[in-house]
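To keep things clear, I will list the structure first and then write my remarks on it.
The values are calculated or read from the model by the stated rules, or taken from the named source; none is laboratory data. Keep in mind that this is a model prediction, so the values were computed, not measured. Virtual Cβ from ideal backbone geometry, glycine too; neighbours counted across all protein chains shown.
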Amino acid sequence: MFGQSFKSKIIPPVVLVVVALAVILTTYCILTFLSYSDALLHQKVVANTQSLKRFVGNNKKNTQAAAVSMAHNPVVLNTIKARNREKILEIFTSTLDLYQVSFFTIIDENGNVLARTHAPEKFDDSVIKQQSVQNALLGRVYTNFESSIDAKVAVCSCAPVYDLDGTLLGAVLAGICYNTNEEIDLLKERFQAEVAVFLGNRQIASTITDTQGNRATEMHMEPHIVKFVIDSKQEYYGNVNIYGVSYKTFYMPLIDTEGNVLATIFVGTPMSEYKLRIKTLIGNTAIISLIGVVLSIWVLYWAISTISAPLIVLSKEMSKMVEGRLSVVIDTTRYDGELGHANEALKKVAGILHKLIHDIGVTISEHEKGNTDYQLNINDFQGEYRVLADRIAKLSSLGMEDPLTKLPNRRSFDNRLKIEWSRAMREKISLSILMLDLDNFKIYNDTYGHQQGDVALQVVAKVLSSTIKRGFDFAARWGGEEFVVLLPNTNLAGAMQVAVAIRTVVEHSGIHILANKQTAKITVSVGVCALVPSPEDTPDNMIARADKALYQAKETGRNKVCQYLEQNPPVS
């Protein structure tokens, strides 16, 4: 059939070998994928399991955040105190979407309902028997799964509401229901699987439909699952047949306040549909692969002679890139087809890497100059290049930022000071520095704890960020409980005005100590130095003067502002 040419000698045996290998490998892949379909299903169930646990955990956090936040809201406090039911409903109904909760129940100090967002017409009944309510009226924030007249199955958080004098006014209960069709429909969309909720061993909500297309809400758990989940209080993985459909399932028990299983959430993935999709995908892949192999073989001889030469050129250019020489010259017009695309892609990769390295260098240079606001523009990159650029940008910022207060750190301040010092000396304008120190910070830490001390540092940092208005002003954490503010183009009078404003705002920014139900007062002492830089002076000398003024403020009673003069007179 074929002559004795080179083509006739090489193509037929190559065709037979490649086709045979393709058939063997495709058959092997099909059998392998089929055997692993159950494992793939299990992986999806495990992934849904982790997502469900995170979802339930986030619901607990959301309800607790909602209850605590609303319980500490001054407007809510006054409205509850006034027993203004309409106003209570207006306030709490408007915040349901904000806190992502299903309902709020507002309770007086005797355990009677003042208002319900989900049932405005129902009030004055007692919910004192709810464990969360009992704990809240005893002064504790409590979160757990509960069944009540408000919801058959819900995660609830209840927080006490106190008047300013410490009198208990009542409690705020926030909850997320698990027994509504709307909630489980959202879960189905989230997990791409069927979802059901059981109260005891009876199903009360479900996305599964029966043969008539109605929601299946009268089903019961199989006895062996009841024994495992409800009696032993353990999670269950397994296979279940519902209305003739096999599901790979996960049952998650919800434990109530008494340690019993209040309800169970079911997540199930249909096995038949999943296996059918895998079989279809494998079959189509096998057919396409075989067709591609057969067609490719018939042009093998021509392809070898056509592609080998340009591939050598391309290989040399890639070798240059491996050696770090990104300024390669790639001709994207000489070849078309796949080889042309490869050349174009290689050129783009070289350009992306070149730009990434350049942008990283610019970012580092700007940060070293004290310009911590400069960030590498990750939107210039795509895919994993964007991920890499984002990580590099964050890593660069970490070296110039204090992790606790999110203010620039001392290294960043030193860089900025050098720049502003040179600018002020060149333009012969005034430059000011404020040195701040929290008063009696060790005593504060010993009294309220180091965590509360961190909160105090964060409060001062926020005051600094909000008080300095100009874009070129610069606040940083100097170290420990010390902060520093750089005010370019600012004389002594202006610097003193800013320092007094900072001291005043800090003095009036009391910190609420939740554990002790009290407000802690913090104050700062401030040292101010303002001058027009000269070649005979140095930035270190200026910092030393501001620090000397700060020392004077400490020595003369604290919570004061002192300017650098011979006598350092304090200013309130």
(request) Might you let me know whether the stretch 408-421 holds any residue that is farther than 21 Å from Gly527 by Cβ, buried (at least 18 other Cβ atoms within 10 Å of the Cβ) and in contact with a helix residue (DSSP H, G or I) (Cβ under 6 Å, 6 or more places away or on another chain)? (result) yes
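Considering each residue of the stretch 90-105, count those that are farther than 20 Å from Asn59 by Cβ and either in contact (Cβ under 8 Å) with a residue 12 or more places away in the chain or among the acidic types (Asp, Glu) (or both), and give that number. Give the derivation first.
Going residue by residue through the stretch 90-105, those that are farther than 20 Å from Asn59 by Cβ are 90-91, 94.
Okay, now just the ones that are also either in contact (Cβ under 8 Å) with a residue 12 or more places away in the chain or among the acidic types (Asp, Glu) (or both), so 90-91.
Here the count works out to 2.
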(request) Sort out which residues of the stretch 180-191 are farther than 22 Å from Leu98 by Cβ and in contact (Cβ under 8 Å) with a residue 60 or more places away in the chain, and write them in order of number. (result) Phe191
(message) Between a residue in the stretch 471-489 that is assigned by TED's automatic domain parsing to the domain that holds Trp421 and over 20 Å from Tyr551 (Cα atoms) and any residue that is basic (Lys, Arg) and part of a strand (DSSP E or B), which pairs come within a Cβ distance under 8 Å, given they are 6 or more apart or on different chains?
(response) none
(request) Confirm whether Ser232 is small (Gly, Ala, Ser), over 19 Å from Glu189 (Cα atoms) and at pLDDT below 85. (result) no
(message) Can you list residue pairs whose Cβ atoms sit under 7 Å apart, with the first residue in the stretch 255-271 being over 20 Å from Ser132 (Cβ atoms) and the second being assigned to a strand (DSSP E or B) and among the charged types (D, E, K, R)? Count only pairs 6 or more apart in sequence or on different chains.
(response) Gly268/Glu194; Gly268/Lys248; Thr269/Lys248; Met271/Lys248
(request) Report the residue count in the stretch 168-191 for those that are at pLDDT below 85 and assigned to a loop (DSSP other than H, G, I, E, B). (result) 2
(request) Please specify each residue of the stretch 267-284 satisfying the condition of being modelled with pLDDT of 80 or more and out of contact with any Ser or Thr (no Cβ under 6 Å at 6 or more places or on another chain). (result) Val267, Thr269, Pro270
(message) Suppose the filter is within 34 Å of the chain's Cα centre (by Cα), over 20 Å from Val153 (Cα atoms) and at pLDDT 85 or above; does Ala205 pass it?
(response) no
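What number of residues within the stretch 200-229 satisfy the criterion of being out of contact with any Ser or Thr (no Cβ under 7 Å at 6 or more places or on another chain) and outside any strand (DSSP E or B)?
Narrowing the stretch 200-229 to residues out of contact with any Ser or Thr (no Cβ under 7 Å at 6 or more places or on another chain): 200-202, 207-214, 218-228.
From what is left, the residues that are outside any strand (DSSP E or B) are 200-201, 207-208, 210-214, 218-219, 221-228.
Summing the residues that are out of contact with any Ser or Thr (no Cβ under 7 Å at 6 or more places or on another chain) and outside any strand (DSSP E or B) in the stretch 200-229 gives 19.
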(request) Among what's in the stretch 47-79 and is out of contact with any helix residue (DSSP H, G or I) (no Cβ under 9 Å at 6 or more places or on another chain) and either in contact (Cβ under 8 Å) with a residue 40 or more places away in the chain or of a type in the set (Phe, Trp, Tyr) (or both), pick the residue that is surrounded by the most Cβ atoms within 10 Å (Cβ to Cβ). (result) Asn59
(request) Name every residue in the stretch 80-95 that is surrounded by 17 or more Cβ atoms within 10 Å (Cβ to Cβ) and either under 11 Å from Asp163 (Cα atoms) or not assigned by TED's automatic domain parsing to the domain that holds His118 (or both), in order of residue number. (result) Ile80
(message) farther than 30 Å from Gly453 by Cα, assigned to a helix (DSSP H, G or I) and modelled with pLDDT of 90 or more: which single residue out of Arg386, Arg423 fits that description?
(response) Arg423
(request) Answer yes or no: is there a residue in the stretch 161-169 that is touching a residue at least 12 places away in the same chain (Cβ under 8 Å), out of contact with any strand residue (DSSP E or B) (no Cβ under 9 Å at 6 or more places or on another chain) and hydrophobic (A, V, I, L, M, F, W, C). (result) yes
(request) Quick one: which residue in Val155, Val197, Val101, Val113 is in contact with a helix residue (DSSP H, G or I) (Cβ under 6 Å, 6 or more places away or on another chain) and assigned to a strand (DSSP E or B)? (result) Val155
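So, of the residues in the stretch 389-413 that are aliphatic (A, V, I, L, M) and at pLDDT below 90, which turns out to be farthest from Asp473 (Cα to Cα)?
Filtering the stretch 389-413 for residues aliphatic (A, V, I, L, M) gives 389, 392-393, 395, 398, 400, 404, 407.
Next, from what is left, pick out any that are at pLDDT below 90: 389, 392-393, 395, 398, 400.
Values: Ala389: 28, Ile392: 26, Ala393: 23, Leu395: 24, Leu398: 21, Met400: 16 Å.
This residue is Ala389.
Answer yes or no as to whether Lys406 is free of Cβ contacts under 8 Å to residues at least 40 places away in the same chain, over 15 Å from Ile543 (Cβ atoms) and not in a helix (DSSP H, G or I).
Values: free of Cβ contacts under 8 Å to residues at least 40 places away in the same chain: no; over 15 Å from Ile543 (Cβ atoms): yes; not in a helix (DSSP H, G or I): yes.
When the stated conditions are applied, Lys406 does not pass them.
Ser432 - would you say it is under 22 Å from Asp402 (Cβ atoms) and in contact with a Cys (Cβ under 9 Å, 6 or more places away or on another chain)? Break it down stepwise before answering.
Values: under 22 Å from Asp402 (Cβ atoms): yes; in contact with a Cys (Cβ under 9 Å, 6 or more places away or on another chain): yes.
Spelling it out, Ser432 is indeed under 22 Å from Asp402 (Cβ atoms) and in contact with a Cys (Cβ under 9 Å, 6 or more places away or on another chain).
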(request) Would you be able to say whether some residue in the stretch 441-458 is touching an Asp or Glu at 6+ places or on another chain (Cβ under 7 Å) and either of a type in the set (Val, Ile, Thr) or part of a helix (DSSP H, G or I) (or both)? (result) yes
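Per-residue answers, yes or no, for (1) surrounded by 19 or more Cβ atoms within 10 Å (Cβ to Cβ); (2) in contact with a strand residue (DSSP E or B) (Cβ under 6 Å, 6 or more places away or on another chain); (3) under 23 Å from Tyr448 (Cβ atoms); (4) at pLDDT 95 or above:
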{"position": "Lys469", "(1), (2), (3), (4)": "no, no, no, no"}
{"position": "Val484", "(1), (2), (3), (4)": "yes, yes, no, yes"}
{"position": "Ala499", "(1), (2), (3), (4)": "yes, yes, no, yes"}
{"position": "His508", "(1), (2), (3), (4)": "no, no, yes, no"}
{"position": "Lys521", "(1), (2), (3), (4)": "no, no, yes, no"}
{"position": "Glu536", "(1), (2), (3), (4)": "no, no, no, no"}
{"position": "Thr556", "(1), (2), (3), (4)": "no, yes, no, no"}
{"position": "Cys562", "(1), (2), (3), (4)": "yes, yes, no, yes"}
{"position": "Asn568", "(1), (2), (3), (4)": "yes, yes, no, no"}
(request) Run Gly200 past the list (1) under 36 Å from the mean Cα position of the chain (by Cα); (2) over 19 Å from Glu146 (Cα atoms); (3) of a type outside the set (D, E, K, R) and report the number of the one that doesn't hold. (result) (2)
(message) Being among the aromatic types (Phe, Trp, Tyr), surrounded by 20 or more Cβ atoms within 10 Å (Cβ to Cβ) and over 19 Å from Glu183 (Cβ atoms) is the filter here; which residues of the stretch 195-249 pass it?
(response) Tyr236, Tyr247
